[in-house]
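**Q** Provided herewith is a single structure, encoded as C-alpha coordinates, for subsequent inquiry.
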Amino acid sequence: MLVLSRKRGQTIQINNDIEIYISSIEGDSVKIGIKAPADVIIMRKELLEEVQANNLQASLAPKNLDLIKKIKK
(Lines give C-alpha, C1' and ligand atoms only; values in the text may rest on other atoms or scores of the structure.)
Protein backbone atom coordinates (compact mmCIF):
# COMPACT_ATOMS: atom_id res chain seq x y z
CA MET A 1 0.00 0.00 0.00
CA LEU A 2 1.24 3.44 -0.88
CA VAL A 3 0.53 6.11 1.76
CA LEU A 4 0.73 9.76 0.67
CA SER A 5 0.37 13.03 2.53
CA ARG A 6 -1.62 15.70 0.71
CA LYS A 7 -2.87 19.16 1.63
CA ARG A 8 -6.19 20.77 0.69
CA GLY A 9 -6.19 21.58 -3.02
CA GLN A 10 -3.56 19.00 -3.93
CA THR A 11 -4.18 15.99 -6.15
CA ILE A 12 -3.07 12.42 -6.69
CA GLN A 13 -2.88 11.08 -10.25
CA ILE A 14 -3.49 7.37 -11.01
CA ASN A 15 -2.47 6.32 -14.52
CA ASN A 16 -3.42 8.95 -17.07
CA ASP A 17 -7.14 9.01 -16.42
CA ILE A 18 -7.90 9.05 -12.67
CA GLU A 19 -7.34 12.09 -10.49
CA ILE A 20 -8.06 12.34 -6.77
CA TYR A 21 -8.50 15.89 -5.47
CA ILE A 22 -8.34 16.82 -1.76
CA SER A 23 -11.31 19.16 -1.41
CA SER A 24 -11.29 19.88 2.32
CA ILE A 25 -9.97 18.66 5.64
CA GLU A 26 -12.03 19.23 8.77
CA GLY A 27 -10.88 17.47 11.94
CA ASP A 28 -10.57 13.79 11.16
CA SER A 29 -12.73 14.05 8.01
CA VAL A 30 -11.31 14.46 4.52
CA LYS A 31 -13.49 15.30 1.52
CA ILE A 32 -12.15 14.10 -1.79
CA GLY A 33 -13.21 14.47 -5.39
CA ILE A 34 -12.50 11.78 -7.95
CA LYS A 35 -12.29 12.35 -11.72
CA ALA A 36 -12.39 9.10 -13.65
CA PRO A 37 -13.77 7.74 -16.91
CA ALA A 38 -17.46 6.82 -16.83
CA ASP A 39 -16.66 3.11 -17.14
CA VAL A 40 -14.68 3.12 -13.86
CA ILE A 41 -16.86 2.03 -10.96
CA ILE A 42 -16.25 4.07 -7.81
CA MET A 43 -17.98 2.95 -4.64
CA ARG A 44 -17.43 3.31 -0.91
CA LYS A 45 -15.97 0.04 0.38
CA GLU A 46 -18.61 -0.44 3.10
CA LEU A 47 -21.36 -0.09 0.47
CA LEU A 48 -19.62 -2.56 -1.85
CA GLU A 49 -19.33 -5.08 1.00
CA GLU A 50 -23.04 -4.66 1.79
CA VAL A 51 -24.01 -5.22 -1.85
CA GLN A 52 -21.80 -8.32 -2.03
CA ALA A 53 -23.31 -9.72 1.19
CA ASN A 54 -26.86 -9.11 -0.10
CA ASN A 55 -26.02 -10.78 -3.42
CA LEU A 56 -24.60 -13.81 -1.62
CA GLN A 57 -27.65 -14.03 0.64
CA ALA A 58 -29.98 -13.83 -2.36
CA SER A 59 -28.04 -16.54 -4.22
CA LEU A 60 -28.33 -18.90 -1.23
CA ALA A 61 -32.06 -18.34 -0.71
CA PRO A 62 -34.36 -21.26 -1.54
CA LYS A 63 -35.68 -21.05 -5.08
CA ASN A 64 -39.38 -21.34 -5.89
CA LEU A 65 -39.17 -22.58 -9.48
CA ASP A 66 -42.94 -22.37 -10.06
CA LEU A 67 -42.93 -18.71 -9.06
CA ILE A 68 -39.93 -18.01 -11.28
CA LYS A 69 -41.71 -19.64 -14.26
CA LYS A 70 -44.80 -17.50 -13.65
CA ILE A 71 -42.72 -14.31 -13.46
CA LYS A 72 -40.92 -15.13 -16.73
CA LYS A 73 -44.27 -15.40 -18.58
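**Q** In deg cm²/dmol and to the nearest 500, what is the mean residue ellipticity at 222 nm of the chain if only DSSP H runs of at least 4 residues count, each as -39500 (n - 2.57), divided by the residue total?
**A** The helix-only estimate for the chain comes to -10000 deg cm²/dmol at 222 nm.
**Q** Can you tell which of 57, 1, 27 lies farthest toward the positive end of the dipole of the chain, using +1 and -1 charges on the Cβ of basic and acidic side chains (Lys, Arg; Asp, Glu)?
**A** The one lying farthest along the dipole's positive direction is 57.
**Q** Using 0.36 nm per residue of separation minus the Cα-Cα distance, give me the extension gain between residue 2 and residue 22 in nm, one decimal.
**A** That works out to 5.6 nm of additional length.
**Q** Which angle from 0 to 90°, rounded to the nearest 10, does the C-alpha axis of helix 45-60 make with the longest principal axis of the chain?
**A** With rounding to tens, the tilt is 10 degrees.
**Q** Quick check: pseudo-label points 7 Å beyond the Cα along Cα→Cβ at residue 46 and residue 63, how many nm apart are they?
**A** 3.5 nm
**Q** Another question, if that's okay. Under a point-charge model restricted to the Cβ atoms of Lys and Arg (+1) and Asp and Glu (-1), what is the dipole moment magnitude of the chain relative to its Cα centre, in debye to the nearest 20?
**A** The calculation lands at about 380 debye.
**Q** With the cut-off at 1.5 for a/c, could you classify the stretch 1-50 from its C-alpha gyration tensor as rounded, prolate or oblate?
**A** Because a/c hits 1.5 or more and a/b fails to exceed b/c, the stretch 1-50 counts as oblate.
**Q** So what is the accessible area of the chain per residue, in Å², with the probe set to 1.4 Å?
**A** Value for the chain: 96 Å² per residue.
The values are calculated or read from the model by the stated rules, or taken from the named source; none is laboratory data. Because the structure is a prediction, the values reported are computed rather than measured. Here the Cβ is made from the backbone with ideal geometry for all residues, glycine too, and neighbour counts use every protein chain on show. Each accessible area value is taken on the protein alone, full model and side chains, heavy atoms only, with ligands, DNA and RNA left out. Shrake-Rupley method; radii C 1.70, N 1.55, O 1.52, S 1.80 Å.
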